[in-house]
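A short write-up of the structure that comes next.
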Amino acid sequence: MKTTIVVGMQWGDEGKGKIVDVLSSKADAVVRFQGGANAGHTVVIKGRKYILHLIPTGILQGRTSIIGNGVVVDIEELVEELGILKRMGIDTSKLIISSRAHLLLPLHKFIDKSKEIKRGTAAIGTTGRGIGPAYIDRVGRKGIRAGEMRDSSLFRLRVENIIEQYNQNERKLYGSEKVDVEKMTSHIMKLRKNILKYVKDIEPLAMSMIKKKNTILFEGAQGTLLDIDFGTYPFVTSSHPMSGYAFAGSGFPIMDVQVVGICKAYVTRVGAGAFPTRMSEDDEECIREAGGEYGATTGRKRNCGWLDLFALKYASYINAVDKIVLTKMDVLTGLNKVKVCTAYKYKGKLLETFPSEHEVLEKVVPVYEEINGWSADDMKALKKGKMSRSIKKLISLIEKYSEAKVVMISTGPGREENIKLGVL
Ligand code: IMP
Ligand code: MG
């Protein structure tokens, strides 16, 4: 396998975790480059379910697993996740955290939650994981980075200082709870003890991996339409879930890669924000149940919509997607007709590209094409290498709009439930 970047082409929850797990077996290292514990990557191995929020999925295959500088590292969640994996018998010794990654502290979660309450009807519907506030501290140049944990007394001072600032400023601004400096500091110092051994400088490691011609797998979290710049702003996350950020968020230099986009056979969205192809309530209910569309991180119901090829075209372009893995085809099995959106109309005119203004996106009218559905027998035949006309039609539409090749179809949550159509 070539060095690969895996990205979500929709609003997240496309099934990246499962595909990264499959590809991990061929990689020397797996790298997360953005986001934080807002992600929920579900992998099912031999009927056992693993949900990873922060640690790269490669850990399940025993790969070197790097949390890059572009990730905000929730130290409470990290310690919790390490504990869960260890109890499940997973070796976590190959985890590495970039010394340049910013730490996400409990304060960030308090701020996130109280800000959402303050926003009222304009709430973003965040995961409450403190992502926005942690990235604000990062660009505001007051964040604490993982490398600072190396000097215990300096780290303690930095932590005390940031808690005091929080008590003075953000807490009053957003009405979140006051924090006991002493208690919180000692809590954080305890977490530090569990995490410190994983902290390393990534650049020399990356350099030697490149010299050895190692294969790297970059694991995106969330999806393109949640990108802070290219997503449905302001209803987005605060990082860049797109291929272009894989290098900036990891400490690996730009290199020759292939980009694998993960595309679900329908779309889902959690949280607020425009969702042009949302299904009727009945269809949505049915797909949500069939697809288990509940948040892996928050348990929230995901809204469901028809496959949006107009948005997919844009996502494929912005990520330079080479190959597509189509997931959750099985969920739509048995429907008489399947709708796909091929264009947006705004004020009666067809739009040229995915709109940058949320106010426009809210008012677009999707133009649909209807294709025949596929049966359980069609799915069975597909597993034996025979593709029905309706499935062929769906794939050819995806390939037409994305200008990328569909190389794999995932037909269930298990590691083995994949149909290969090309080389990954
Ligand atoms: P935040 O990332 O918690 O700030 O949330 C911002 C928006 O991104 C909200 O609409 C969330 O529901 C959405 N979001 C964040 N992470 C994920 C994810 O892993 N899957 C799907 N949606 C997500
Ligand atoms: Mg998810």
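Just one of Val267, Val199 is of a type in the set (Val, Ile, Thr) and in contact with a helix residue (DSSP H, G or I) (Cβ under 7 Å, 6 or more places away or on another chain); which is it? Can you show your working first?
Values: Val267 fails: in contact with a helix residue (DSSP H, G or I) (Cβ under 7 Å, 6 or more places away or on another chain).
Only one candidate qualifies: Val199.
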field: Test result for Glu164, open to solvent by 60 Å² or more (accessible area, probe 1.4 Å) and either under 22 Å from Glu116 (Cα atoms) or part of a helix (DSSP H, G or I) (or both)
entry: yes
Among residues of region 233-262 being away from ligand 2 (no atom under 16 Å from the Cβ), of a type outside the set (A, V, I, L, M, F, W, C) and within 15 Å of the chain's Cα centre (by Cα), the residue farthest from Lys313 (Cα to Cα) is Gly249
Of Ile391, Ile398, Ile409, the only residue that is in contact with a Cys (Cβ under 9 Å, 6 or more places away or on another chain) and modelled with pLDDT of 95 or more is Ile398
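Just to be sure, is Asp330 within 16 Å of ligand 1 (Cβ to nearest atom) and acidic (Asp, Glu)?
Details: within 16 Å of ligand 1 (Cβ to nearest atom): no; acidic (Asp, Glu): yes.
No.
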Cys286 vs (1) without any contact (Cβ under 8 Å) to a residue 24 or more places away in the chain; (2) farther than 20 Å from Thr237 by Cβ; (3) surrounded by 15 or more Cβ atoms within 10 Å (Cβ to Cβ); (4) touching a strand residue (DSSP E or B) at 6+ places or on another chain (Cβ under 8 Å): all pass except (4)
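Kindly indicate which of Gly12, Gly47, Gly120, Gly62 is open to solvent by less than 30 Å² (accessible area, probe 1.4 Å) and either in contact (Cβ under 8 Å) with a residue 12 or more places away in the chain or more than 16 Å from ligand 2 (Cβ to nearest atom) (or both).
Values: Gly47 fails: open to solvent by less than 30 Å² (accessible area, probe 1.4 Å); Gly120 fails: open to solvent by less than 30 Å² (accessible area, probe 1.4 Å); Gly62 fails: open to solvent by less than 30 Å² (accessible area, probe 1.4 Å).
So the residue among Gly12, Gly47, Gly120, Gly62 that is open to solvent by less than 30 Å² (accessible area, probe 1.4 Å) and either in contact (Cβ under 8 Å) with a residue 12 or more places away in the chain or more than 16 Å from ligand 2 (Cβ to nearest atom) (or both) is Gly12.
So which residues in region 235-266 are assigned to a loop (DSSP other than H, G, I, E, B) and within 16 Å of ligand 1 (Cβ to nearest atom), if there are any at all? Show your work before the answer.
Here is the first cut: in region 235-266, the ones assigned to a loop (DSSP other than H, G, I, E, B) are 235-242, 246-257, 265.
Correct list: Phe235, Val236, Thr237, Ser238, Ser239, His240, Pro241, Met242, Gly249.
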Condition set farther than 12 Å from Tyr245 by Cα and open to solvent by less than 10 Å² (accessible area, probe 1.4 Å), scope region 210-232, selection nearest to ligand 2 (Cβ to nearest atom): answer is Gly223
Exception for Thr342 within (1) more than 13 Å from Glu369 (Cβ to Cβ); (2) hydroxyl-bearing (Ser, Thr, Tyr); (3) touching a strand residue (DSSP E or B) at 6+ places or on another chain (Cβ under 8 Å); (4) open to solvent by 10 Å² or more (accessible area, probe 1.4 Å) falls at (1)
Residue pairs within 7 Å by beta carbon, gap of at least six or interchain, first lying in region 258-269 and open to solvent by less than 10 Å² (accessible area, probe 1.4 Å), second among the acidic types (Asp, Glu) and within 16 Å of ligand 2 (Cβ to nearest atom), listed first then second, are Ile262/Glu14; Cys263/Glu14; Lys264/Glu14; Thr268/Asp13; Thr268/Glu293
Flagged pairs (Cβ under 7 angstrom, 6 or more apart or on separate chains; first in region 290-313, closer than 21 Å to Thr232 by Cα and within 13 Å of ligand 1 (Cβ to nearest atom); second open to solvent by 20 Å² or more (accessible area, probe 1.4 Å) and among the acidic types (Asp, Glu)) are Arg302/Asp13
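The values are calculated or read from the model by the stated rules, or taken from the named source; none is laboratory data. These numbers come from a predicted model, not from an experiment. We place every Cβ from the backbone using ideal geometry, glycine too, and count neighbours over all the protein chains shown. Just the protein is used for accessible areas: all its heavy atoms, side chains included, with ligands, DNA and RNA removed. Shrake-Rupley method; radii C 1.70, N 1.55, O 1.52, S 1.80 Å.
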